[in-house]
Amino acid sequence: MDNLAADIAARTDVYFNRTRQVVQRFGDRRVTYAVFLRRPVVSAPRLMLDWIQAVAKERGTSFDIDVTHPEGSWTGAGEPLVYISGSFALLSDLETIMLQKIGPACVAAHNAYQMCLSLPGVAFLAMDARHCAGAEMQEMMAYGASVGSAAAQREGAKGFVGNANDGTAHWYGGKIGMGTMPHALIGYAGSTVRAAEMFHETFPDEVLTVLVDYFGREVTDGLAVCQRFPELARAGRMQVRLDTHGGRFLEGLDPAESYAVLERHAPGAIRRYRSETELRYLIGTGVSAAAIWRMREALDAAGFPLVRIVASSGFGVDKCRVMADAKAPVDVVGTGSFIPDAWTETYATADIVEYGGTPMVKVGREFLLRRNGDRKKPIG
């Protein structure tokens, strides 16, 4: 308890700590907090609620929790996600930390949900860990993406099938992370084929997923690996991963050839008005829709129709929508781009809306007042 109390005191804004001292001196009162975000989100309150429950237990009290938007449900801007009622003296110093634990998770959940629904037939792999600022953010982003994925799966999408590390695999129903090789292994091996050989010899039972952009020969090296392991390729136990960076085109492509590829497969996608960003996703450098179609053409023509394509590199909400419009034949998307792009959008807010059972809130926040008939759920 001492450690928890010290942690809360150190991490909480001073004015909340001082508020607690004032209330303890002049008399406690039961209050109700409303927690909300200023943008639409998918509700992901579990990390916050688990923490509040642990604090209540340590403090020998209980808080009444009214979850107005259950986990995984869409929530409009400004709509209270949760009402929390209890002792003002025991709640006043929790606001800073509880808001940290809900806002980013809700936005990540919303992003993941949109991505999965944009490409409902595609499996997603969470690769967010390397972009997180430490273990707590890593846990929060994995949780958020799993909530958004589950919401999309309820609507028929494949969603996230796993993630890239063991520590957060439990959020996706697994025990271990998924993945095969980074670019560094290919540099170490000296060739894409040799890296594939090394990996397969070390992990013979694993599906072989090979990065093919290291030497800038995505098509050539991708086919070379398939020809080296034809039994895996024909058994559907091989994948090529496109991770071409934004400074160059996939092997054999340029703007004109990229247009030609999409003209063959998804002409409508390039005939509609497009922003500069959307055009880049369609026919630009990096992992474009044209690049994925070109890789699929080459694999099929070489007799490897069961080799799957994994795509990574900047697959956020907008890129997923463009890929869907271009009917890009991608089988798996590896992404951490559900991490909120504009961190200011993740800021959650809490306001007290009742003092001693009397509705009261600062002017302009009347929309937070509790509606009649809201249910309550005791915690603690």
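The numbers here are math on the coordinates, done by the rules we state, and not lab data. In this text the structure is predicted, and so the values were computed from the model without any measurement. Because the Cβ atoms are built from the backbone with ideal geometry, glycine has one as well, and the counts that use them run over all protein chains shown.
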Worksheet item: Can you pull out the residues in segment 332-360 that are over 28 Å from the mean Cα position of the chain (by Cα), in a loop (DSSP other than H, G, I, E, B) and without any contact (Cβ under 8 Å) to a residue 40 or more places away in the chain?
Response: Met360
Worksheet item: For segment 125-228, which helices (runs of 4 or more DSSP H) that fit wholly inside it have 2 or more residues that are within 30 Å of Glu251 (Cβ to Cβ) and among the charged types (D, E, K, R)?
Response: 192-202, 218-228
Worksheet item: Exactly one of (1) touching a Phe, Trp or Tyr at 6+ places or on another chain (Cβ under 8 Å); (2) touching a residue at least 24 places away in the same chain (Cβ under 8 Å); (3) within 22 Å of Thr244 (Cα to Cα); (4) of a type outside the set (Val, Ile, Thr) is unmet by Gly159. Its number?
Response: (3)
Practice prompt. Quick one: in segment 1-58, of everything that is of a type in the set (Gly, Ala, Ser) and surrounded by fewer than 20 Cβ atoms within 10 Å (Cβ to Cβ), which residue is nearest to the chain's Cα centre (by Cα)?
Written response: Ala54
Discussion item. Being buried (at least 19 other Cβ atoms within 10 Å of the Cβ), closer than 25 Å to Ala195 by Cα and of a type in the set (A, V, I, L, M, F, W, C): is that true of Leu242 here?
Written reply: yes
Worksheet entry | Set Val55, Val35, Val107, Val42: member being without any contact (Cβ under 8 Å) to a residue 60 or more places away in the chain and either farther than 25 Å from Gly357 by Cα or not basic (Lys, Arg) (or both) | Val55
Item to complete: Scan segment 254-261 and give yes if some residue there is among the β-branched types (Val, Ile, Thr) and either in a strand (DSSP E or B) or under 30 Å from the mean Cα position of the chain (by Cα) (or both), otherwise no.
Response: no
Discussion item. Looking at Ala169 and the list (1) under 20 Å from Arg130 (Cα atoms); (2) buried (at least 20 other Cβ atoms within 10 Å of the Cβ), which single condition is not satisfied?
Written reply: (2)
